[in-house]
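First the structure, in the form of structure tokens, and then the observations on it.
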Amino acid sequence: MSNNSNYSNLFNSLEWQLERFPFDAIARSRKVEKIFLNYFTGATSLNIVDVGAGLAANTRYYVEKFPFDQNWRLIENDPVILGGCLQTLVQWAKAQQWKYTLSKNELKMYAPNKNIGVKVARGSLMDLDKLIDLSTINLITANAVFDLFSKDQFQTFINILAAQRLPLFTTLNYASMVFEPQDFADKKYIRLYENHMIQPRKSGSKMGPFCSENMIKDLEKVGYNIKTGSSDWLIKSENGNMMNYLLRFMQVAIGEILKSKIELNQLEQWISTKKQIVKDGRLSLKVHHLDIWGQKTTIQ
């Protein structure tokens, strides 16, 4: 049986962060993205904080969406991922054939007609107002973050944002999944996987599949106007690496909460069957996410 650090290590690996990037990019809600981008029409520059930044997925995706200078502050609590963040951006800048300068915690990229500054810092999003002078910030972003946080943690975070009336754009928030073809045991193991997400922890139960509904309610309570759109992954058998990652996540996570050898053997058989269907080229997996744009419109 696995221990909890095994799952965390898998989920927080640099390889996984890189693997998921193109799937996130395809999945993002274009409807909500348009509303978000239109909000900044007429701006000449933008100061952005990305929380739970990972390998700068939001920076790499949005830099070219904005036609003006940008300054990004990337906040990440995992030291391994943080260590790979600027190097990932450097490789990306090279691929764009942009000039750049790099220091210990700061990267400057010089794209045609705009400059992009990126600073990284280790820290928790609950301490955001201690890490950064938020009066200088125009936007907070996050990608695939809040299912990993408790409702109380999210409330602390949005109280900080609401105090500064900062807009929030959070993407790829997990909601549910379904395999095709479906097996009679699928619902059981998906439920167990989601139970692993929300099991009690010192910091409180993670929001897991309930994150979007909780986030929307809590943001509305502090005076935010909300727009949402689906951002679903569609993983097919030919996406073998991605499919294997997701099956491995389920195998390790569910294995941490099953108690008996019989149950673990049944899990192994289910995983083995899924892998065989992948080899046969017949398995697909839809992972439903929600993108959420929120802007402060009322005084509480």
**OP:** Output the relative contact order of the chain, whole-number percent, from Cα pairs under 8 angstrom with separation of 6+ residues.
**Re:** 22
**OP:** Divide, for region 227-286, the radius of gyration over alpha carbons by 2.2 N^0.38 Å, where N is the residue count.
**Re:** 1.31
**OP:** Could you tell me the convex hull volume per residue, in Å³, taken over the Cα atoms of region 173-228?
**Re:** 83
**OP:** Work out how far the C-alpha atoms of region 1-131 reach from end to end along every principal axis, then list the three figures in whole Å, largest first.
**Re:** 54, 36, 34
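How high is the relative contact order of region 1-152, in percent, counting Cα pairs under 8 Å that sit 6 or more residues apart? Please list the in-between numbers first.
Details: 196 pairs, mean separation 39.3, N = 152.
Taking the mean separation of contacting Cα pairs over the length of region 1-152, I get 26 percent.
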Subject >> Dipole magnitude (debye, nearest 20) for the chain, charges at Cβ of Lys, Arg, Asp, Glu >> reply: 200
Original post:
Which aspartates and glutamates have a Cα lying under 17 Å from the Cα of Lys221, excluding residues fewer than 8 positions away in the same chain?
Top reply: Asp152, Glu213
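Rank-order 88-99, 153-164 by packing density, defined as the average count of other C-beta atoms within 10 Å over each peptide's residues, highest first. Each step should come with its number before you reach the end.
Values: 88-99: 14.8, 153-164: 18.2.
Going from most to least packed, we get 153-164, 88-99.
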**OP:** Please work out the ratio of the alpha-carbon Rg of the chain to 2.2 N^0.38 Å and round it to two decimals.
**Re:** 1.03
**OP:** Please tell me which of these pairs span more than 31 angstrom C-alpha to C-alpha: Lys119/Lys151; Lys34/Lys104; Lys130/Lys188?
**Re:** Lys34/Lys104; Lys130/Lys188
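Stokes-Einstein D for region 47-90 at 20 °C, 1.002 mPa s, Kirkwood Rh over Cα pairs, in µm²/s? Could you put the intermediate results ahead of the total?
Details: Rh = 10.7 Å.
It diffuses with D of about 200 µm²/s by this estimate.
Rule-of-thumb check for region 66-210: C-alpha Rg over 2.2 N^0.38 Å? Show your work: numbers first, answer last.
Details: Rg = 18.7 Å, N = 145, 2.2 N^0.38 = 14.6 Å.
Dividing the Cα Rg of region 66-210 by 2.2 N^0.38 Å gives 1.28.
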Original post:
Residue farthest toward the positive end of the dipole of region 122-253, with Cβ of Lys/Arg at +1 and Asp/Glu at -1: which of Asn239, Val222, Ala175?
Top reply: Val222
Original post:
Mean residue ellipticity at 222 nm from the helices of the chain, using -39,500 (n - 2.57) per DSSP H segment of n ≥ 4 over the full residue count, to the nearest 500 deg cm²/dmol?
Top reply: -13500 deg cm²/dmol
Original post:
Of Phe146, Asn159, Gly123, which is farthest on the positive side of the dipole of region 119-162, counting Cα position, with +1 on Lys and Arg Cβ, -1 on Asp and Glu Cβ, and the Cα centre as origin?
Top reply: Gly123
Original post:
Taking every pair of alpha-carbon atoms in region 155-256, what share in percent sits in each 5 Å bin, from 0 to the bin with the longest distance?
Top reply: 2, 10, 17, 20, 17, 13, 10, 7, 3, 0
**OP:** Taking the convex hull of the Cα atoms, report for region 99-148 its projected area averaged over all directions, in nm².
**Re:** 5.0
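Write down the percent of antiparallel bridges among all DSSP beta bridges whose residues are both part of the chain, to the nearest 5.
Values: 32 of 54 bridges.
Here the antiparallel bridges make up roughly 60 percent for the chain.
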**OP:** Based on other C-beta atoms within 10 Å, arrange Glu33, Glu238 from fewest to most.
**Re:** Glu238, Glu33
Original post:
If you build the Cα gyration tensor of region 203-248 and take the root of 5 times each eigenvalue, what three semi-axes come out, in whole angstrom, biggest first?
Top reply: 31, 16, 5
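Treat every Asp and Glu Cβ in region 36-137 as -1 and every Lys and Arg Cβ as +1, leave all other atoms uncharged, and give the resulting dipole magnitude about the Cα centre to the nearest 20 debye. Mind showing how you got there, number by number?
On the way: 11 positive and 9 negative charges, 76 e Å.
For region 36-137, the charge dipole is close to 360 debye.
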Original post:
So for region 112-184, what percent of the C-alpha to C-alpha distances run longer than 14 Å?
Top reply: 71
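Can you give the % of DSSP beta bridges in region 1-137 that are antiparallel, to the nearest 5? Provide the component values of the computation, followed by the final result.
On the way: 10 of 24 bridges.
Expressed as a percentage, antiparallel bridges in region 1-137 total about 40.
Just so you know, all these numbers are worked out from the coordinates, no wet-lab data involved. Everything numeric here is computed off the predicted structure, so don't read it as measured data. Positions of Cβ are generated from backbone atoms using ideal geometry, with glycine treated the same way; all protein chains shown enter the neighbour counts.
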